[in-house]
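Here is the structure we will look at, set down as structure tokens.
The values are calculated or read from the model by the stated rules, or taken from the named source; none is laboratory data. Only a predicted model underlies this, so the values are computations on that prediction, with no experimental measurement involved. Note: ideal-geometry Cβ built from the backbone for every residue, glycine included; neighbour counts use all protein chains shown. Only protein heavy atoms, including side chains, enter the accessible area calculation; ligands, DNA and RNA are left aside. Shrake-Rupley method; radii C 1.70, N 1.55, O 1.52, S 1.80 Å.
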Amino acid sequence: MFDLIKFELKRIKSSPLSYVVLALPLLIGIVSGAAGVFYQSSAMDLFTVDMISKESLARMSTWTALTGFYSVFPIMGALYVTLFVGNDMSSGFLRNKMIAGHKRSDIFFSYVITQTAVALVEVVICISAALIVLAVNRVQLDFAGGMMFVRLLVPVFAYISMIFLYTAFTLCVRRRALPIVLCAVFAFSLSTAGLISSLGNYSSSDLNKYLSIGERAKADIDPYLKNTAPVQPDYTADPDAYADYEYVDDLDFYYDQLLTPNKPFYYVARVLYIVTDAGIPNDYRMSLLDTSYTEELQTSLSSYVNMEDSFLMSFADISELSSKIDGYRGELKEVDVTVKYTTLNLVYIIKTLLWSCVWIAGGFLIFRRKNIF
Amino acid sequence: MGSDAAVKAMTDDVIVLSGVGKKYGKSTILKDITFNIPKGSVYGLVGRNGAGKTTLMRLMTGLQKCDEGSISLNVAGDRIGAVGAIVELASIYTNLSARDNLVFQYMNLGQKVDESLDELLTFVGLADTGKKHAGKFSLGMRQRLGIAMALVGNPELLVLDEPVNGLDPQGILEVRNLLLRLSREKGITIVISSHILSELSKLATHYAFIEEGRVVKTATAHEIENAGKKFTTITCDDPGKILPVLSGLGFSPRIIAQDKVEFEGEEKLTTLVTTALDAGVEISKVDTQETDLERFFVGLVGGDPNV
């Protein structure tokens, strides 16, 4: 097997395609780093100051820089692996390896090992480039006490899991174009499924509790808000409407848009979420901000207070309102809709490792038995 | 590919096939194939399209596994590279030069690149191709490169599936000469299949005739040449009239063309001409041939050698 690995490494080294694939991560890393810088730019502060703490912003920038690869690499990897490994199939050189007397298992794992190595080099290049961009721009970094690197293992494992799948699939299908198309479609589908599943991945019982508390809060707080709406003599003649716009409608948004389960795809998304790696980007992004969904309710109140300074408006005493909101937030927090970091890491790492085993074992079994030559 | 120490100890055969069978789904491709391939021989596999020749070669080279029976390879130490092969097409990287392809083949076999690489290039007549990519080679050059690749590990057995298929006359000549040199100078055992039986007959020392997945006959080239059968072809103006005449002489004639009759055996020319004239048939040509590979094959599996 060592000879075959050396063979593959030399082939990677002598292929122009490899250099393209190693140059792209550099570019993607620079873009990811730039995105991280953007999060902490003054332009973003204007919109996010009330939403995200400075500490969260630093984590957001760091996380964006570290995981920028995950949005592009699955597709890039699909193209590279299918083209590169597929070339051995279409040129017939794979036959040479078998005729020479190499075991099928050695051949299979030489591809898996070398393609994994390439994938890891891609990730290292991309992350290094992103961190260098952040460092050059003197952006504050926060690795969450090192936990960020543990969490980083999840998208890295997930990407490698896909590389296993692409390699196995390429070696099990004789036609050259089919693996290229199917692997690219798979990568696109996973990205879409990730988006969908992370929108609907809450447990239904927790969600119902959550909604129930939300409805009680709304019924209690709404009248109070309207009664204590800010007086804006110089700004608007309709304080109720203004209050509705700034506060009540925001609440509706959070309740209705974020928390209302979309039943038709809930069952599909939930299954996808549980079984596959779909959902990584949104789950991690959500948990990263140190703000659960409950805390987003605070946003409206913050805006409400900020307006006092911004528009020199006169407000009624909001301490009672704050107290009510805090009470309901406390209740909401007891309902753990958002998955905790450690649980999230553990779940995804287990899922990706299981999928890696499925792809490798399945691919190897087919490769060993199939008459594809 | 299995190994059988007892067989190795007792035989001078490079490959011993015993009751080999292969199925694709429910279709039986090969059934009960049993024969031996002697060391140093050039062994021709002869059969129609779909008879199972390529599948048999895939089994011999380890590309596929037998469903039944066993194939014992008798080479020193079962080493990597003991078998070289071209199955279907030469397996080469078309975006690399001949030299680079060979370098990869050396790596494939875990061997260090040494002066033998240049010797191989010279041996197959590709020493002057420089950095030209194999994709720009003629079909004959690709086949010769494929053979060079197959020779890298100093194989004891070379398996070639249709090596002259698609080649022009010059290419066929080049490959034939190369194979003859391999057999004579290096003593390599060669298993070869070809549809061009006349070409095969110039190379092979032994044959296995395969029909519908079974070996119907094995023979040496010498046995075929000495099969003792001669065929006479008469070109005349009215084949229908000459049939009873030839039957009267004790032959079993048959019309093979509008103006040709053929029968197994031979007769004196004067006897043929005078008897035919008596029957009112004018003979323009009489040709007598000995049994060749094509006739032998057709005699085994049926069909018409003159079609």
Loop GluC sites (Glu not before Pro), the range B:98-199 (other Cβ atoms within 10 Å of the site Cβ: 10 or fewer; DSSP): B:E115
Largest to smallest accessible area among B:K202, A:K103 [probe 1.4 Å]: A:K103, B:K202
Karplus-derived 3J(HN,Hα), 6.51/-1.76/1.60, for each residue of the range B:112-118, Hz, glycine and proline x: 7, 6, 9, 5, 5, 4, 5
Residue mean of other protein chain beta carbons inside 10 Å, B:211-219: 0
Average partner coverage of A:96-109, which counts Cβ from other chains inside 10 Å: 6
Per-residue HN-Hα couplings for the range B:234-249 [Karplus 6.51, -1.76, 1.60; θ = phi - 60°; Hz; x = Gly/Pro]: 10, 9, 8, 7, 9, x, x, 6, 7, 4, x, 5, 5, 4, x, 8
Cross-link pairs beyond the 26 Å C-alpha cut-off, checked among A:K103/B:K53; A:K97/B:K26; B:K53/B:K112: A:K97/B:K26; B:K53/B:K112
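How would you classify the range B:230-290 from its alpha-carbon gyration tensor, with a ≥ b ≥ c the square roots of the eigenvalues: rounded for a/c under 1.5, else prolate if a/b is greater than b/c, otherwise oblate? Walk me through the intermediate numbers first.
Working: a/c = 1.33, a/b = 1.17, b/c = 1.14.
Because its axes are fairly even, with a/c under 1.5, the range B:230-290 counts as rounded.
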DSSP bridge pairs, the range B:1-160: antiparallel proportion in percent, nearest 5: 75 percent
Surrounding net charge for A:L94, when Lys and Arg each add one and Asp and Glu each subtract one, Cβ distance under 11 Å: +3
Given charges at beta-carbon only (K, R positive; D, E negative), |dipole| of chain B in Debye: 980 debye
Anisotropy class of the range B:115-167 from Cα gyration tensor, a/c 1.5 cut: oblate
Shielding by partners, peptide B:63-69 (average Cβ within 10 angstrom, other chains): 2
Which listed pairs, of B:K260/B:K285; B:K65/B:K202; B:K136/B:K202, have C-alpha distances above 21 Å, in listed order: B:K65/B:K202; B:K136/B:K202
Cβ crowding within 10 Å averaged over residues, with A:155-162, B:165-172, B:34-41, B:282-289 ranked highest first: A:155-162, B:34-41, B:165-172, B:282-289
